[in-house]
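Have a look at the structure below before the remarks.
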There are 2 protein chains.
Amino acid sequence: MSEEPVKYLLSERDIPEQWVNLLVDLPGDPLPPLHPGTLEPAGPADLAPLFPMGLIEQEVSPEPFVAIPEEVLAAYRLWRPTPLYRARRFERALDTPAHIYYKYEGTSPAGSHKPNTAVPQAYENARAGVRRLATETGAGQWGSSLAFACALFGLECEVFMVGSSYDQKPYRRSMIQTWGATVHRSPSDLTQAGKANASHPTGSLGIAISEAVEVAAQAPETHYSLGSVLNHVLLHQTVIGQEALAQMAAAGEEPDVVIACVGGGSNFGGLAFPFLRRVLRDGARTRFIAAEPAACPTLTRGVYAYDFGDTVGLTPLIAMYTLGHGFVPPPVHAGGLRYHGDSPLVCALVKRGLVQARAYRQNETFDAAVQFARAEGVIPAPEPAHAIRAVIDEAEAAREAGEPRVILFGLCGHGHFDLSAYEAYLGGRLEDPEFSEADLEAALASLPKAPALT
Amino acid sequence: MSEEPVKYLLSERDIPEQWVNLLVDLPGDPLPPLHPGTLEPAGPADLAPLFPMGLIEQEVSPEPFVAIPEEVLAAYRLWRPTPLYRARRFERALDTPAHIYYKYEGTSPAGSHKPNTAVPQAYENARAGVRRLATETGAGQWGSSLAFACALFGLECEVFMVGSSYDQKPYRRSMIQTWGATVHRSPSDLTQAGKANASHPTGSLGIAISEAVEVAAQAPETHYSLGSVLNHVLLHQTVIGQEALAQMAAAGEEPDVVIACVGGGSNFGGLAFPFLRRVLRDGARTRFIAAEPAACPTLTRGVYAYDFGDTVGLTPLIAMYTLGHGFVPPPVHAGGLRYHGDSPLVCALVKRGLVQARAYRQNETFDAAVQFARAEGVIPAPEPAHAIRAVIDEAEAAREAGEPRVILFGLCGHGHFDLSAYEAYLGGRLEDPEFSEADLEAALASLPKAPALT
């Protein structure tokens, strides 16, 4: 029994040297972002005040692969390649014939997959002579990752942290500060957007985005940085799936189904796109499941339409599944999944039936996470707990079918800063909030005017 | 530059299959623990009410190597081998010609080296038919590690957590509960020792030990488990140093100096003993530095004498450097280093000049830790921050000497649960407490009657 390996490790020489650009292989017409006033496609010039040209080129690249700069590879070596695990103890606990594999991104300094894109974003900005990056953060995963990356490349970093998280997650805040960045409670009195919302008790990701964008737009030496949704962010994350491909080959297995949680889509895209490329190019028959919270059911209850990327309407219009940019999901602990929209790339794949979406309630995801932690040791963040819930469903289906199906899922981060939620769950005090149907209806009624999507 | 490797990884097949028993090679006469009443050597029978025979045999083993059971190896595979890093960015930040390597144990599920011994302790107890383990924990590293190990082997686990930590570190408490263990705030009303100290505002490690020992002594199906100090605990930790030996060989270098922090001694022993064995057997010329807090300077200010292992005087007498079992160190954040004594094995090596001890103040260790975090990414726990302070001193000495000395240190855990201390340090609010000379004098005056040590 114990002779069977549980980890598939790669050496530093096996870190991928290019990113996979799935945009090139996406079926259907391209759906570029639109300027909200003219409804014309938004071009590189529209993005230049916020992003360096190196990232804008990646955002619209027509190449199937994009080379990873040497300086980025050098920083990746601090924690990459990440391990792929065979969850043998979890399989036994579930009494399933399925073979369950997970790609674990929690070994990065910030504890999640986010540094995979924070590092190239900091690098491209430093190369362009930018002195400071401004960003927002919800639960703090993204803010801490960008703070870490800025420390590596000598950039200043200013993080607007959603007020409720700032108050409830002081450890994530201290992590950001330890890496040398500045954290502001949002709404702050440093921006017009903050002052206009000064009375908001908890703040929101929408307000925090507006504050960071405002700071970046007004100061030429400051740029803005986003941790998900955009094409270049998903591009950077494809190091995950490329390593997983090599590791699954080392294990001598082929996944029947690939599962990851979706908030803005960068974790899902990072794991799935290298596998999806083989489906689109080579006809591989892999299934893909995107797991999201029932409290913020973008892919399962949203409409496919052009909408703003932020709550207050400062961004170009994006073609995606959306609950309406005014939709405010109830406060589930998976803060990284509380977004009204999703990456256009991931949404297009769902629209075309290549990816299946499933929504799960908060308590059933924590139940899955505790089962996993007691079998495998790792305590998952609340976001990948959604993927684990879907894994359990698939493992049960394999048992009923009597088939040794191969399941691969993304464990995108550890839960070291989410243990108060575990305590509430174990004490029977964790809420299982539902969104208001009336709020969803109202948010969907206020979508911006734009061409319909089919 | 970036072509140079920063990590030295091993495969699962390279996990050591035996532990290194340095007891056999220790110079000088053996100094067995003594029964406090008779002052006769305490034998296996004295330990049998608390520990299973498998561990007692390891405690006194005359063999230079002890085979690691197959079931323990299977569990080690969940996180071992751990990586060895070359800290190239830290070297550049320090502008030193020294080559700095660190063995990182923070990738274990509990985030430190402690599971290396928690797993074999849980295994030997489960094999002996024990149903439940009782233990104490200070900051929570040990309690969470034993909870994890008990989950793997189907044991119940009861943790008495020092009251002040229970109140201040709710996340460590929740981690223990997530793995299925029960946590009691100590002093509790479950034991005589707890009731007798009910009015103690913060509790202490001494009271918590007494509570756990009392529970174990009274219930035949319950045993006691200790996370450091004892020979078998240090034995288990030697997987660290054996892997580091192989990884340094892969790097093609030989350490001039090996550095680790010392609380009870298990982290230091785990890294250093396989290297010390080569000094004792083969005449290798490696220096060893044990880093401890100036607020609890056991090795640098204690006396070498027989003393109780716990504060209230329930244990056999142990030959060690001690500040007196009644000494209560001021509340530095490195909770794992706040112990009045140290492992007899480590103390004997210090006494014989094979290991040099150095004491550091709290603020200078956090200064070192922040420098390290901004260069290498990993945020260290407060305990290994003491080792990093010593590394900086050695790196500066190498620069002054103009020599590319090779430094290896143990980074025994991450600081994810210690970020409030970082916040205090960065805000200029971290205390830098000194112990009271009068308290030390009083504690040393109340050492138990026992033969003198030379």
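The values are calculated or read from the model by the stated rules, or taken from the named source; none is laboratory data. None of these values were measured; they are calculated from a predicted model. Cβ coordinates were reconstructed from backbone atoms using ideal geometry, including for glycine residues, and neighbour counts include every protein chain displayed. The area values use the complete protein model at the heavy-atom level, side chains included, leaving out ligands, DNA and RNA. Shrake-Rupley method; radii C 1.70, N 1.55, O 1.52, S 1.80 Å.
Residues of the stretch A:416-444 whose accessible area (probe 1.4 Å, heavy atoms of protein chains only) drops by at least 20 Å² once all protein chains are present, relative to their chain alone: A:416, A:417, A:419, A:420, A:423, A:426. Computed over protein heavy atoms with a 1.4 Å probe, the accessible surface of chain A works out to 34 Å² per residue. The alpha carbon centroids of the stretch B:200-236 and the stretch A:372-404 are separated by 35 Å. Chain B residue nearest the axis that carries B onto A, by Cβ, with distance in whole Å, is B:416, 2.
Just so you know, the Cα atoms of the stretch A:1-141 work out to an Rg and Dmax of 19.7, 64 Å.
Remark: the Cα gyration tensor places chain A in the rounded category, a/c being less than 1.5. Take each residue in B:376-385, count the other chain C-beta atoms within 10 Å of its C-beta, and the mean is 3. Distances between copies at residue A:46, taken between label points 7 Å from Cα along the C-beta direction, are 8.0 nm in increasing order.
Cysteine residues of chain A whose Cβ has no partner cysteine Cβ closer than 4.7 Å: A:261, A:296, A:347, A:412. A compact globular protein would have a Cα radius of gyration near 2.2 N^0.38 Å; the ratio found for the protein assembly as shown is 0.95. The mean number of partner chain beta-carbon atoms within 10 angstrom of a residue's beta-carbon across peptide B:4-10 is 4.
Legend: mean number of C-beta atoms from other chains within 10 angstrom of residue C-beta atoms, peptide B:145-154, equals 2.
Using a 1.4 Å probe and counting only protein heavy atoms, how much accessible surface gets buried when A and B come together, both sides summed, in Å² to the nearest 100?
For chain A against chain B, roughly 4300 Å² becomes buried.
Using only Cα atoms, what is the ratio of the radius of gyration of the stretch B:19-92 to 2.2 N^0.38 Å? Here the Cα radius of gyration is 1.63 times the empirical estimate.
Structure shown: which of A:103/B:103; A:7/A:351; A:103/B:7; B:7/B:114; A:169/B:103; A:7/B:169 lie over 25 Å apart, alpha-carbon to alpha-carbon? Where the Cα-Cα span goes over 25 Å, the pairs concerned are A:7/A:351; A:169/B:103; A:7/B:169. Across the copies of the chain, residue B:448 has label points (7 Å from Cα along Cα→Cβ) spaced 7.7 nm apart, shortest distance listed first. Each stretch of four or more DSSP H residues adds -39500 (n - 2.57); spread over every residue of chain B, this sum gives -12000 deg cm²/dmol at 222 nm. Taken over the stretch A:303-366, the convex hull of the Cα atoms encloses 93 Å³ per residue. Taking a straight line from the alpha carbon of residue A:449, these aspartates and glutamates sit under 18 Å away, with near neighbours fewer than eight places off in the same chain left out: A:40, A:307, A:310, A:441. Between copies, the label points at residue A:170 (set 7 angstrom from Cα along Cα-to-Cβ) are spaced 1.1 nm, reported in nanometres from shortest to longest.
Using a probe radius of 1.4 angstrom, the carbon and sulfur fraction of the accessible surface of the protein assembly as shown is 50%.
What the pair-distance distribution of the stretch A:104-252 shows, using all Cα-Cα distances binned every 10 Å from zero, is 12, 40, 32, 11, 3, 1 percent. Let me know the shape class of the stretch A:229-379, please: from the alpha-carbon gyration tensor, a ≥ b ≥ c as square roots of the eigenvalues, rounded when a/c is under 1.5, otherwise prolate if a/b is greater than b/c, or oblate. Since a/c reaches 1.5 but b/c is at least a/b, the shape of the stretch A:229-379 is classed as oblate.
Once Lys and Arg get +1 and Asp and Glu get -1 on their Cβ, which of A:233, A:258, A:247 lies farthest toward the positive end of the dipole of the stretch A:181-259? Of A:233, A:258, A:247, it is A:233.
Using only side-chain charges placed at the Cβ, +1 for Lys and Arg and -1 for Asp and Glu, the dipole size of the protein assembly as shown relative to its Cα centre rounds to 220 debye.
Would you please classify the overall shape of the stretch A:325-428 from the alpha carbon gyration tensor, given that a ≥ b ≥ c denote the square roots of the eigenvalues, rounded means a/c under 1.5, and beyond that prolate means a/b larger than b/c while oblate covers the rest?
oblate
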